[in-house]
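Beneath this line is the structure, given in structure tokens, with notes to follow.
The values are calculated or read from the model by the stated rules, or taken from the named source; none is laboratory data. Source: prediction; values computed, not measured. Note that each Cβ is placed from the backbone with ideal geometry, even for glycine, and that neighbours are counted across all protein chains shown. In case anyone asks, the SASA skips ligands and DNA or RNA and just uses the protein heavy atoms, side chains included. Shrake-Rupley method; radii C 1.70, N 1.55, O 1.52, S 1.80 Å.
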Amino acid sequence: QVQLVESGGGLVQPGGSLRLSCTASGSIFSIYAMGWYRVAPGKQREMVTRITTAGSTNYADSVKGRFTISRDNAKNTVYLQMNSLKPEDTAVYYCKTETHHGDYWGQGTQVTVSS
């Protein structure tokens, strides 16, 4: 089992920045990827970005050039740096970890981009 704790959401004006954090605990040795997903009002869940233990990353087209995923292995934490935020980035953001015995999700953190 892996437990995930997210933090860093909030209200920000368009063009602003936020950084989300996700810290894993438990069976972290079994993790092979971590990522961020979001659910916007009235929309389906979508992948925002993902990073593997090898350091390979991928991003949704809508966030390329604005969002950056990174990790601190010593802290078992991944970060999502979000810059140039737009109102359409408003969503609940969820951290997900992929392990050799299943996927685990965080509780979600609200990000609201509004003036």
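Within region 98-110, the set of residues being under 12 Å from E6 (Cα atoms) and open to solvent by less than 40 Å² (accessible area, probe 1.4 Å) comprises G106, G108, T109. Looking across region 81-97, the residues that are open to solvent by 20 Å² or more (accessible area, probe 1.4 Å) and in a strand (DSSP E or B) come down to Q81, V92, Y94, K96.
So that you can scan it fast, the table gives a plain yes or no per residue for (1) in contact (Cβ under 8 Å) with a residue 12 or more places away in the chain; (2) assigned to a strand (DSSP E or B); (3) open to solvent by 30 Å² or more (accessible area, probe 1.4 Å); (4) under 15 Å from K96 (Cβ atoms):
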residue	(1), (2), (3), (4)
V48	yes, yes, no, yes
I51	yes, yes, no, yes
A54	no, no, yes, no
N58	no, yes, yes, yes
Y79	yes, yes, yes, yes
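Sort out which residues of region 8-41 are open to solvent by 60 Å² or more (accessible area, probe 1.4 Å), in contact with a Ser or Thr (Cβ under 7 Å, 6 or more places away or on another chain) and assigned to a strand (DSSP E or B), and write them in order of number. Correct list: L11, Y32. For R71, the criteria (1) open to solvent by less than 60 Å² (accessible area, probe 1.4 Å); (2) closer than 18 Å to K96 by Cβ; (3) free of Cβ contacts under 8 Å to residues at least 40 places away in the same chain; (4) not hydrophobic (A, V, I, L, M, F, W, C) hold in every case but one, which is (1).
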